[in-house]
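To start, the structure itself, in structure tokens.
Throughout, read-outs are computed from the coordinates displayed, never taken from laboratory work. Keep in mind it's a predicted model, so treat the numbers as computed, not measured. A quick note on method: Cβ atoms are made from the backbone with ideal geometry, for glycine too, and the neighbour counts reach across all protein chains shown.
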Amino acid sequence: MPRDSEDRSFRYPLKWRIMDGLNAALDLLWPRRLGRYTGWALLTPALLLVGILVLGLFQIAENSLHTLDTSTFLPGEEYTLANYLIVAESPTYWRIIWRSLLGAGLTVFFTLLLALPYSYMMVRTNKAALRKTLLIVLFLPFFIGQVVRAYGILIVMGSSGAVNDALGLVGIEPIRLLFNFPAVVFGLVQYMLPFAVLMLAPALTAIPRETETAASSLGANWLKVFRHVILPMAKPGLVGAALVVGTLSLTDFAMPAMLGGGSQDFIANAIYDQFFRTADQGLGSALALLLVALGSVIAGVVIAFFGAGTLGMRGRK
Amino acid sequence: MTNGSPSESAISPGKPGQSTAVHVRDVTMDFGNGALAVSNASFELETGKFLTILGPSGSGKTTLLRMIAGFETPTSGEITVNGKPVDSAPPHRRSIGMVFQKLALFPHMTAAENIAFPLKMRRFNPKTIPGRVDEFLDLVKLGGYGNRRINELSGGQQQRVAIARALVFKPELLLLDEPLAALDVKLREEMQLEFRRIQHELGVTTINVTHDQREALVVSDDIIVMDGGRIQQHAKPVDLYRAPDNAFVAGFLGVASFINGHAVPGGLASGENFLSGTHAGDFADGTAVRGAVRAEQIRIAAEGGQLTACDTRLTGTVRDTIFEGERQLYVVATEEIPGITFRIYHHDPESFGLFEIGTRVMIGWNARDMKIFESRAS
């Protein structure tokens, strides 16, 4: 037949043949009847990763039940709750826990307060240039690590930094802006803002502009539109952002260490001290577990009351 | 205020049919992208009337509606609602109810809360709100559905909530921005009749925007046809259908076939052929014209058949035939006028014989059936 030669010379494109080969190889390695387990197979690496974390937690839990033997500088043999008692009876640790919670709470509040209008502007503006500028301004500090950023704040807000120089121009004496609690919260808010904006943006995008127009045509001024439409409809995003910002702030190390100047320790700093300064693994582990418990309880309560937000499973509430 | 039925509580000031509710004067909208979105639009609407702005997408109808709503400010011209310029108050102070294309219901509220929203925002007496909400739920036939969340309602029910929400505060003007576009045909036709019923019951002046010619014909007292940012014609539905002002209107409402030619007395000449028709307007012989003849006005018969009642007769071949239930559509190419096909509705296909594809047929019409318009240079 005349078409035979044509047929024989015909070949599928290289890409297709490679894909076919890969498919065939995959069929050998993972036969089709295992198809229903594919999901689990893909999940395994992530589960292993989390598993290691859980193993570590068990180890920490075990460590927390031994006190440091001050004569040998090794953990003691017998199991005891003494480390937890030390924490419970120490006003210093209570102050640190309280400071961490207050710091995280204030950071959540101020971050959301700043992030909501920022993301709203970014989502709603018709001008592509403005949107891009807002994104770049948001991301620029994002690329700079936390430590470098904290150092930047140290320079700018130091007693001879740009801020005090500016204040000096209007006749105000240099003031101590650093190494206090507000400085730590300031640093945290600055650090968390991009996270919050990025988590709020999709939630705000999901609110149709028409819904706002409708609300105003029905008699709501902008404040009422915000209060009755935007806020409730953006709630999943706000809850998600609050959870992320809250847990990250609660467990933060660098900002309190650098901007607090040693006087404003958060729980993570106390843990660090126990592990690497006094080498009291037991007490450090007890503090670490306390932090895990604190974070989990807060997240659990928030999810129970407000739903999981945009963090995942869409809760009915 | 007593809990009277909605029809008892007057909505619009002034007597229906006597005062002008909406006055659009020479309105132009230029978005600065080359073409004018709306160009020199003017019309008046009497209190209590139902007006539909009909046009294809991009015709400027939605822009015109948004300007009447006050969401956009015209580049030039003036819009007044009950004598007051529409932009004299911010949107939340205006007495305009609007049903949006995507309804824009509040998903975090129940049906009743949605309907109560404008009453709360407009500071109605809190004691009267539940009664008023129930009254309007009944009006849109949703009695007992007040506690449903929006996502628990069907598409048609959501429509009804949106209508109730736009009307519950008794606005002077109701605007409908293609709210039925997303519904399936059955539901859409049902809701068209509902819009009409509710509008009649309340007597609220209404402006509706749609691209659906059937909807426009069914619901409206008046229709404005728009194309390319310009008002093409403003007339009652029957007049619009029977006496279109130009070829665009003739083509947009109903199904028509168009023949280009030049004007001769009593019709148009296309090549060697004279086709009888009625001139829409005065134009000199020889003017380039466009004749439009509606599908239901063309008669069809077997070749050599009796079409003696028609003063224009053409012979041709059936190119396609489509059974549409209540009628049969034929697409016929004629020998006399090559290059175009005629679309012909043959009603009552049950009792008439059908013509197969390829059958030689005869088609014809009378002078009054073909409208002849001046060709527009475009």
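A run of chain A free of exposed loop cleavage sites, with GluC sites (Glu not before Pro) counted only in DSSP states other than H, G, I, E and B and at most 16 other beta carbons within 10 Å, reaches its longest extent at A:79-317.
Residue separation of residue A:32 and residue A:89 scaled by 0.36 nm, minus their Cα-Cα distance, works out to 14.5 nm of gained length. Relative to the Cα centre, the charge distribution of the range B:205-246, modelled as +1 at Lys and Arg Cβ and -1 at Asp and Glu Cβ, gives a dipole magnitude of about 60 debye.
When the charge dipole of the protein assembly as shown is built from unit charges on Cβ atoms (+1 for Lys and Arg, -1 for Asp and Glu) and taken about the Cα centre, the candidate among A:55, B:318, A:25 whose Cα reaches farthest toward its positive end is A:55. Spin-label model, residue A:77/residue B:278: points 7 Å from Cα along the beta carbon direction are separated by 11.6 nm. Loop-located trypsin sites (Lys or Arg not before Pro) across the range A:103-202 with a Cβ neighbour count of 13 or fewer within 10 Å are A:127, A:176, with loop assigned by DSSP.
When A:192, A:233 are arranged by Cβ crowding within 10 Å, least crowded first, meaning fewest neighbours, the order is A:233, A:192.
In summary, chain B shows an alpha-carbon radius of gyration equal to 1.17 times the 2.2 N^0.38 Å reference for compact globular proteins. Take each residue in B:117-124, count the other chain C-beta atoms within 10 Å of its C-beta, and the mean is 4.
Exposure proxy ranking for A:147, B:38, based on other Cβ atoms within 10 angstrom of each Cβ and starting from the fewest, stands as A:147, B:38. Principal-axis analysis of the Cα atoms of chain B puts helix B:155-167 at an angle of about 60° to the longest axis.
When chain A is treated as a Gaussian network with alpha carbon springs shorter than 10 Å, the biggest mean-square fluctuation among A:291, A:223, A:177 belongs to A:223. Helix-only arithmetic for the protein assembly as shown: the sum of -39500 (n - 2.57) across DSSP H runs with n ≥ 4, divided by the residue total, places the mean residue ellipticity at 222 nm at -13500 deg cm²/dmol. Spacing of the modelled spin labels on residue A:163 and residue B:322, each 7 Å from Cα toward Cβ, amounts to 7.2 nm.
Taking θ as phi - 60° and the Karplus parameters 6.51, -1.76 and 1.60, the scalar couplings of the range B:56-64 work out to x, 5, x, 7, x, 5, 5, 4, 4 Hz in sequence order, x denoting glycine and proline.
Max-minus-min Cα coordinates of the range A:88-311 on each principal axis give 64, 51, 28 Å, with the largest extent listed first.
Springs join every pair of Cα atoms under 10 Å in this Gaussian network model of chain A, and among A:42, A:65, A:218 the largest mean-square fluctuation is at A:42.
Would you look at the GNM of chain B, springs on alpha carbons closer than 10 Å, and say which of B:35, B:367, B:69 moves the most? Most flexible of the set in this elastic network: B:35. Only the Cβ atoms of Lys and Arg (+1) and of Asp and Glu (-1) were treated as charged; on that basis the dipole of the protein assembly as shown about its Cα centre amounts to roughly 1060 debye. For the residues of A:203-210, the average number of beta carbons from a partner chain within 10 Å of their own beta carbon is 2. The long axis of helix B:185-202 is offset from the longest Cα principal axis of chain B by roughly 60 degrees.
Residues B:365, A:30 in ascending order of nearby Cβ atoms (within 10 Å, fewest first): A:30, B:365. Listed values for the range B:50-55 are Karplus-derived 3J(HN,Hα) couplings in whole Hz (6.51 cos²θ - 1.76 cosθ + 1.60, θ = phi - 60°), namely 10, 10, 10, 9, 10, x, and x replaces Gly and Pro. For residue B:267, nonlocal amide neighbours, meaning residues 5 or more places apart or on other chains whose placed amide H falls under 5 Å from its own, are B:277. Remark: mean inter-chain Cβ contacts per residue of B:270-278 equal 0, using a 10 Å Cβ-Cβ cutoff to other protein chain atoms. Taken about its Cα centre, chain B carries a charge dipole of about 1440 debye when Lys and Arg each add +1 at the Cβ and Asp and Glu each add -1 at the Cβ. Scanning chain A for DSSP H helices at least 30 Å long along the axis (C-alpha atoms) with a Kyte-Doolittle mean no lower than 0.5 picks out A:38-64, A:91-124, A:181-205, A:281-306.
Over the range B:256-374, all Cα pairs binned in 10 Å intervals from 0 give whole-percent P(r) values of 15, 46, 29, 9, 1, listed from short to long.
Loop-resident chymotrypsin sites (Phe, Trp or Tyr not before Pro) (DSSP state other than H, G, I, E or B) in the range B:261-355 with no more than 16 further Cβ atoms inside 10 Å of their Cβ: B:283, B:352.
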